[in-house]
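Take a look at the structure below.
The values are calculated or read from the model by the stated rules, or taken from the named source; none is laboratory data. Quantities reported herein were computed from a predicted structural model and do not represent experimental measurements. Neighbour counts are summed over all protein chains in view; Cβ atoms, including those assigned to glycine, are modelled from backbone coordinates with ideal geometry. For the accessible areas, the whole protein counts, side chains as well, though only heavy atoms, and no ligand, DNA or RNA atoms are used. Shrake-Rupley method; radii C 1.70, N 1.55, O 1.52, S 1.80 Å.
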Number of protein chains: 2
Amino acid sequence: MPSTQVDLGDITPELLPYLGQVAALQLLAFEAYSAVVSGVSDVAVKEAVSECAGAALARHQGFVAEIRRRGDEPVAVMQPFAASTAAFREVISGADWRESLLGASVAFGLLNDFFLRLAGGLPGDFGPRAAQLLASDSAADATVRVLQSAIAADPTLSSLLAVWGRSLVGDTLLLARSAMHLTESTRNDEERIEPVFTGLIAAHSRRMDELGLTA
Amino acid sequence: MPSTQVDLGDITPELLPYLGQVAALQLLAFEAYSAVVSGVSDVAVKEAVSECAGAALARHQGFVAEIRRRGDEPVAVMQPFAASTAAFREVISGADWRESLLGASVAFGLLNDFFLRLAGGLPGDFGPRAAQLLASDSAADATVRVLQSAIAADPTLSSLLAVWGRSLVGDTLLLARSAMHLTESTRNDEERIEPVFTGLIAAHSRRMDELGLTA
């Protein structure tokens, strides 16, 4: 649930880089969640996290369809973001599946929220369609349930995960900020981004609260 | 495309073990394809193989829905197959992404074909519904295209992949045979299974032909 006090609706992102980066990031989210599915032996956890992987893949395929609708080739449009996306994967990979699941949840919680706020400035009907894709995270509850139950089963986990979650916020916001830099028209908007980031962090804190973790 | 000369329609598999094993295997297929997505840097390959992962996950979710429709808990019904499924994952993992992709394609080509032939003996409307799920592999073409292009790009690959593909057939048919053993009513049907396996291998050979590989 994004906070709505401040948004980026009056900032106009360039359409193709926006669609390419979001499509690349949703594919990374799919990879991150499916790595958790593969890395855990508990069938109940596999089942729940596979829902998150499927939801990320559905969002990816939605953005790929938007790129095609624009008349462009999805692979070419995603290509410029391949290196930064792969590097970010290292950032969010944890020491075990619980850290990796929280990592994906924290990072894509922030990033989906960020790109959702940016969607309002897209031309034509791309904005509402992008917003609809980014707002649909029916599987987020599954992540929350799995993490809550992992935390309940291991009393030492909560403080470890809280530290790990905090350590990811900075790098994730850096990636979001770099997305802004890619759009020529927003180079002068730096000072307007700060309150948006404050809003993103507030929404992140609420998600951490839901897990019983201190943001 | 399964051959239809011989089928197992007069053999009656027990419903829940059938649904549980197929659901567990489709989740494994999802894991195998998504491991290829994660392990390759080429965005075009990621994009194509993610379609296969999504198709496997959709089949998994379809079988999970059938288990729920039966009034049972999917995780409990899949649990007995967790160990054999995890062991089979080691069997089909290749030395690189091209072997792993062919491994998944060969193994799940054979297994989906096998369980499709077995579906006819399921009670009520579970048979036609299972058959519909197993016959829908809209993403198989994506695997074929990716492998054909990898083979075209590397002349030494074709003989390596042909050997690798052949080495998987025996273990995959063993897994299929063990699925038969789980159903009490089919213990005496051993001699009737042989021609079915011959049919499975013929269909497998046609899929290898399509890749230009000797089965």
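Under the convention that each Lys and Arg Cβ holds +1 and each Asp and Glu Cβ holds -1, the size of the dipole of the protein assembly as shown around its Cα centre is about 180 debye.
Quick check on chain A: helices-only [θ] at 222 nm, where DSSP H runs of length 4 and up contribute -39,500 (n - 2.57) each and the sum goes over total residues. Nearest 500, please.
Numbers: 9 runs with 161 residues, N = 215.
So the helix-based figure for chain A works out to -25500 deg cm²/dmol.
Averaged over the residues of B:46-52, the number of partner chain Cβ atoms lying within 10 Å of the residue Cβ comes to 4. Closest approach of a chain B beta carbon to the axis mapping chain B onto chain A (residue, whole Å): B:S34, 2. Computed with a 1.4 angstrom probe on protein heavy atoms, the A-B interface buries about 1900 square angstrom of accessible area in total. Annotation for B:D209 and B:A153: the two label points, set 7 Å from Cα along the Cα-Cβ direction, are 2.8 nm apart. Across the identical copies, the label point of B:R69 (7 Å from Cα in the Cβ direction) is separated from its matches by 3.1 nm, in order from shortest.
Kirkwood Rh over Cα pairs of region B:92-215 into Stokes-Einstein at 20 °C, 1.002 mPa s: D in µm²/s? Provide the component values of the computation, followed by the final result.
Values: Rh = 15.5 Å.
Using the Kirkwood radius from Cα pairs, D works out to 138 µm²/s.
Spin-label model, A:R145/B:S93: points 7 Å from Cα along the beta carbon direction are separated by 2.8 nm. Normalised by the number of residues in chain A, the average gap of Cα pairs under 8 Å and 6 or more apart makes the relative contact order 32 percent. 3J(HN,Hα) couplings calculated from phi for region B:86-92 with the Karplus curve 6.51 cos²θ - 1.76 cosθ + 1.60 (θ = phi - 60°) are, in sequence order, 5, 5, 5, 4, 4, 4, 8 Hz; Gly and Pro show x. Counting, for every residue in B:31-43, the Cβ atoms of other protein chains within 10 Å of its Cβ and taking the mean gives 5.
If you plug the beta carbon distance of B:E73 and B:Q132 into 1/(1 + (r/R0)^6) with R0 = 22 Å, you get a FRET efficiency near 0.40.
For region A:76-82, putting each phi into the Karplus relation 6.51 cos²θ - 1.76 cosθ + 1.60 with θ = phi - 60° gives couplings of 5, 6, 7, 3, x, 9, 4 Hz, in residue order, rounded to whole numbers and with x for Gly and Pro.
Using the alpha-carbon positions of region B:97-160, Rg (one decimal) and Dmax (whole number) come out as 15.4, 50 Å. Placing a label point 7 Å from Cα along the Cα-to-Cβ direction at A:S149 gives distances to the equivalent points in the other copies of 4.0 nm, listed shortest first. Rounded to the nearest 10 degrees, what's the angle between the helix A:97-119 long axis and the longest principal axis of chain A, both from Cα atoms, 0 to 90? Between the helix axis and the principal axis of chain A, the angle is about 20 degrees.
Shape verdict for region A:123-166, please, from the Cα gyration tensor: rounded (a/c under 1.5), prolate (a/b greater than b/c) or oblate. Spell out each step's value before the answer.
Working: a/c = 9.97, a/b = 2.67, b/c = 3.73.
Oblate, because a/c is 1.5 or more while a/b does not exceed b/c.
How far is helix A:15-39 tilted, in degrees, relative to the longest principal axis of the Cα atoms in chain A, given as a value from 0 to 90 rounded to the nearest 10? Approximately 10 degrees, to the nearest ten.
Using per-residue counts of other Cβ atoms within 10 Å, averaged over each peptide, order A:50-58, B:89-97 from highest down.
Values: A:50-58: 23.8, B:89-97: 15.1.
Peptide ranking by packing, descending: A:50-58, B:89-97.
I need the shape label for region A:15-93. Rule: rounded when a/c is under 1.5, else prolate if a/b > b/c, else oblate, with a, b, c from the alpha carbon gyration tensor. Verdict is oblate for region A:15-93. The Cα-based radius of gyration and maximum Cα-Cα distance (Dmax) for chain A are 16.7, 52 Å. 3J(HN,Hα) couplings calculated from phi for region A:130-147 with the Karplus curve 6.51 cos²θ - 1.76 cosθ + 1.60 (θ = phi - 60°) are, in sequence order, 5, 4, 5, 4, 6, 7, 8, 10, 4, 8, 4, 4, 4, 4, 4, 4, 5, 5 Hz; Gly and Pro show x.
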